[in-house]
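K.L.:
Below is a structure I'd like to ask you about.
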Amino acid sequence: DRVGFAIVGLGKLALEQVLPAFAQAAHARPVALVSGSPVKMAAVAKQYGIAPDSCYTYADMARLRDNPAVQVVYVITPNALHRQHVIAAAKAGKHVLCEKPMAPSSSDCNAMIEACRAANVKLMIAYRMQYQPHAREAIRLARSGALGSVTLMDMINNQNQGDPAQWRQIKALAGGGSLPDVGLYCLNTARAVLGEEPVEVSAQIWSPPGDPRFREVEDNVAFTLRFPSGAIANCMSSYSTHRLSRLKLIGSDAWAEMEHAFDYQGQNLRVTRLVDGKDQIAETSIGVKNQFALELDHMAHSVRKNLLPRTPGEEGAQDQRIMEAIYEAARTGRTVRLAEVPGHDRFR
Ligand code: NAD
């Protein structure tokens with residue numbers, strides 16, 4: 001029997017990516033909905049065969065406790081609401097999958113981790129690229145030494161946001177601009193590639209003056225992470241440029257490049273190395289799989305087998321701590337040192 005998920009928030013990501021992906025998952029199914037819009041919810045429930053008595057309002061989330069079909073609550077609401085929805089789910093005794101970014105502040109992240117610990121439920125952050133097969137292979141190549149020692153990384157994740165009135169442009173709901181929304185993918189992937197925690201960050205932030213989209217949140221961010229091994233990651237995010245999502249992992253023996261690295265689809269992975277004195281470019285052939293389905297199945301598997309998810313709450317909290325240092329570095333124009341976190345192997 002599949003693990004039952006309740007979906008909290010029926011916005012673009014939930015309706016266009018997550019709910020359709022259940023059809024490609026092997027171990028997860030949607031069994032309940034939580035929304036502030038009863039008309040929309042009734043239509044979605046009908047489409048996915050969810051019973052009307054498994055439809056809840058946000059204020060009603062405590063009643064999830066009485067629905068045994070729900071084992072996991074998947075929170076897909078605006079960033080600043082993750083905290084209250086994750087804590088409500090934990091209090092209802094349910095495991096939680098929470099969208100990225102985890103929350104706008106470290107103290108929010110800590111409260112969410114603590115609530116899930118106290119309720120003895122799992123908390124996973126939906127870092128989908130850590131389940132995406134090409135990204136997994138890129139991480140494996142770097143960490144297995146197949147590229148030699150990886151000392152430089154170059155990552156970019158840009159979008160061109162439109163509507164200045166959407167929650168992404170409102171600081172109280174989003175927490176920040178391009179950094180927590182899309183730059184986060186560069187940060188999280190750089191950490192996963194090395195399996196190390198950065199010890200220093202420097203950063204520049206620039207938003208075009210007068211653009212109504214950037215009254216409250218930042219546009220362009222360039223940040224550099226320095227790792228204990230000496231490796232350097234150069235990262236960029238934007239909310240106002242043509243869509244671009246790419247990464248390069250540059251090692252002593254070879255370099256790997258991924259196009260559409262953080263997109264929903266279209267990934268490819270190429271490795272360039274010297275063979276008989278000439279650069280040889282090898283395209284890595286990897287079957288296409290829906291990364292949302294893989295992520296849902298990972299959560300289902302973690303719940304069934306009682307395992308720590310690959311991307312637990314601590315992973316979101318660590319990224320949030322580093323993003324706070326990035327903002328400080330940009331604000332002060334100085335390199336910010338980060339408290340040393342012991343090496344770990346979360347990126348299994
Ligand atoms: P969205 O605006 O399309 O949907 C948000 C939903 O939350 C809407 O249905 C809205 O009605 C509801 N909501 C509840 N309370 C609200 C309030 N007070 N103000 C505004 N909306 C409220 O946004 P989205 O793009 O679906 O993003 C939702 C979450 O998913 C965010 O945390 C975002 O960062 C994350 N996300 C992740 C990915 C990914 O690839 N993993 C992609 C997109 C979004």
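K.L.:
Looking only at the range 76-95, which residues are of a type in the set (Gly, Ala, Ser) and within 15 Å of the ligand (Cβ to nearest atom)?
P.N.:
ALA80, ALA88, ALA89
K.L.:
Quick one: ASP108 ticks every box in (1) part of a loop (DSSP other than H, G, I, E, B); (2) within 14 Å of the ligand (Cβ to nearest atom) bar one, so which box is it?
P.N.:
Condition not satisfied by ASP108: (1).
K.L.:
Let me ask another. Please give the number of the condition GLN291 fails out of (1) more than 27 Å from ALA115 (Cα to Cα); (2) of a type outside the set (Ser, Thr, Tyr); (3) surrounded by fewer than 22 Cβ atoms within 10 Å (Cβ to Cβ).
P.N.:
All conditions pass for GLN291, except number (3).
K.L.:
From THR189, THR241, which residue is hydroxyl-bearing (Ser, Thr, Tyr) and surrounded by 20 or more Cβ atoms within 10 Å (Cβ to Cβ)?
P.N.:
On the way: THR241 fails: surrounded by 20 or more Cβ atoms within 10 Å (Cβ to Cβ).
Matching residue, one of THR189, THR241: THR189.
K.L.:
Of the residues ALA90, ALA138, ALA146, which is assigned by TED's automatic domain parsing to the domain that holds ARG226, surrounded by 22 or more Cβ atoms within 10 Å (Cβ to Cβ) and farther than 24 Å from GLU218 by Cβ?
P.N.:
ALA138
K.L.:
With respect to the numbered conditions (1) among the hydrophobic types (A, V, I, L, M, F, W, C); (2) over 22 Å from the mean Cα position of the chain (by Cα); (3) away from the ligand (no atom under 16 Å from the Cβ), which one is the sole condition not fulfilled by ALA32?
P.N.:
(3)
K.L.:
Hey, among VAL8, VAL70, which residue is within 10 Å of the ligand (Cβ to nearest atom), touching a helix residue (DSSP H, G or I) at 6+ places or on another chain (Cβ under 6 Å) and either modelled with pLDDT of 95 or more or within 17 Å of LEU294 (Cα to Cα) (or both)?
P.N.:
Checking each option against the conditions leaves just VAL8.
K.L.:
Moving on to the next point. For the range 313-336, name all the residues that are polar (S, T, N, Q) and in a loop (DSSP other than H, G, I, E, B).
P.N.:
Matches in the range 313-336: THR335 only.
K.L.:
Here's something else I'd like to know. How many of the residues in the range 245-288 are of a type in the set (D, E, K, R) and surrounded by 15 or more Cβ atoms within 10 Å (Cβ to Cβ)?
P.N.:
Matching residues across the range 245-288 total 6.
K.L.:
Okay, moving on. Which of the residues spanning the range 185-213 are out of contact with any strand residue (DSSP E or B) (no Cβ under 8 Å at 6 or more places or on another chain) and among the hydrophobic types (A, V, I, L, M, F, W, C)?
P.N.:
ALA192
K.L.:
If you take the residues in the range 121-147 that are part of a helix (DSSP H, G or I) and of a type in the set (S, T, N, Q), which one is nearest to the ligand (Cβ to nearest atom)?
P.N.:
GLN130
K.L.:
Taking strands (runs of 3 or more DSSP E) that do not extend beyond the range 250-312, which have at least 3 residues that are among the charged types (D, E, K, R)? Reasoning before the result, please.
P.N.:
Values: elements: 254-259, 268-275, 278-283.
Once the strands (runs of 3 or more DSSP E) in the range 250-312 are filtered for at least 3 residues that are among the charged types (D, E, K, R), what remains is 278-283.
K.L.:
Further, regarding this structure: What is the number of the single condition among (1) of a type outside the set (Ser, Thr, Tyr); (2) surrounded by 18 or more Cβ atoms within 10 Å (Cβ to Cβ); (3) away from the ligand (no atom under 15 Å from the Cβ) that GLN169 does not meet?
P.N.:
With respect to (1) of a type outside the set (Ser, Thr, Tyr); (2) surrounded by 18 or more Cβ atoms within 10 Å (Cβ to Cβ); (3) away from the ligand (no atom under 15 Å from the Cβ), GLN169 is out only on (3).
K.L.:
Filter the range 51-67 for residues that are more than 16 Å from the ligand (Cβ to nearest atom) and of a type in the set (A, V, I, L, M) and give the result.
P.N.:
Within the range 51-67, ALA51, ALA62, LEU64 meet the criteria.
K.L.:
With respect to the numbered conditions (1) buried (at least 22 other Cβ atoms within 10 Å of the Cβ); (2) under 21 Å from GLN204 (Cα atoms); (3) not polar (S, T, N, Q), which one is the sole condition not fulfilled by MET299?
P.N.:
Exception for MET299: condition (2).
K.L.:
Please verify whether the range 21-34 includes one or more residues that are among the charged types (D, E, K, R), touching a residue at least 24 places away in the same chain (Cβ under 8 Å) and crowded, with 16+ Cβ neighbours inside 10 Å.
P.N.:
Within the range 21-34, one or more residues are among the charged types (D, E, K, R), touching a residue at least 24 places away in the same chain (Cβ under 8 Å) and crowded, with 16+ Cβ neighbours inside 10 Å.
The values are calculated or read from the model by the stated rules, or taken from the named source; none is laboratory data. Everything numeric in this text was worked out from a predicted model, so none of it was measured. Here the Cβ is made from the backbone with ideal geometry for all residues, glycine too, and neighbour counts use every protein chain on show.
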